[in-house]
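Novice: Submitted below is the structure of interest, expressed as structure tokens.
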Amino acid sequence: MSEMSGHETVERFQAVKTSIARAAKDTDRKPETVTLVAVSKTFDAADIRPVLETGHRVFGENRVQESQGKWPELKAEFSGVELHLIGPLQSNKAKEAVALFDVIETVDRPSIAEALSKELAKTDRRPKFYVQVNTGEEPQKAGIAPQEADAFIAKCRDEWKLEISGLMCIPPVDEPPSPHFALLRKIAERNGIATLSMGMSSDFEEAIQMGATHVRVGSAIFGHRDYA
Ligand SMILES: *Cc1c(COP(=O)(O)O)cnc(C)c1O
């Protein structure tokens, strides 16, 4: 990473912060009611460090293994980091996920809720848990179906003793996102859930209008992702 690209990352980060504040004010919300989760997947510690140096502490990653390669070091270097897991979790990675992540946004099926519950019994770590809802009912996408969400949330709370504090969704790419954000909000309201993780680089302003408390923004901050 060159010094130049670090500088550009910080400029883009500040621009996103400004847009978030504007979108919040436009709907009579205080900017601090919206938390920016800076999604740093595919970027290495050298790319992430300039954003940490601005004082920002909330980041998102979608893979446990990739995160283990950079975040233990960064968490040791910068205190107060809040790391969100925003990608699918496998049951055999529950232990590693609980050890590293502060928020697990992708609780989406009984097997993973059970694995997390078992892991909590063995550790003092207490990450927050969100349920991912597949609002578009897309077969290829993770998340609990909307019509099963209430029962699943209740079971997470009663049977697996997971405190579900938030909901998360990723709307279909080819549809207007706002109806999906509205649906997520409705499910949250009837289940007494205050945290809504919704909105990405292309639609975080709409998500804020619809009540997002957390927006997950990657490419608008870190630039184009190279998966090669
Ligand atoms: C990658 C990712 C994001 C960020 O996407 P951008 O379009 O780069 O902002 C947000 N949420 C999830 C679940 C992701 O996997």
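Since every read-out is calculated from the coordinates, none of them should be taken as a lab result. Please read all numbers here as calculations on a predicted model, not as lab measurements. Because the Cβ atoms are built from the backbone with ideal geometry, glycine has one as well, and the counts that use them run over all protein chains shown.
Novice: Based only on other Cβ atoms within 10 Å, what is the fewest-to-most ordering of S111, S40?
Specialist: Going from sparsest to densest Cβ surroundings: S111, S40.
Novice: Please check: in the Gaussian network model of the chain (C-alpha springs, under 10 Å), which one of L74, L100, L196 has the largest mean-square fluctuation.
Specialist: L74
Novice: Could I ask something else about it? In whole percent, what relative contact order does region 1-153 give with Cα contacts below 8 Å and a gap of six or more residues?
Specialist: Computed value for region 1-153: 15 percent relative contact order.
Novice: Can I ask one more? Express in whole angstrom the spacing between the alpha-carbon centres of region 109-152 and region 181-209.
Specialist: Result: 17 Å between the Cα centres.
Novice: Less than 11 Å Cβ to Cβ from G166, Lys/Arg counted +1 and Asp/Glu -1: what total charge do the surrounding residues give?
Specialist: Residues near G166 contribute -1 overall.
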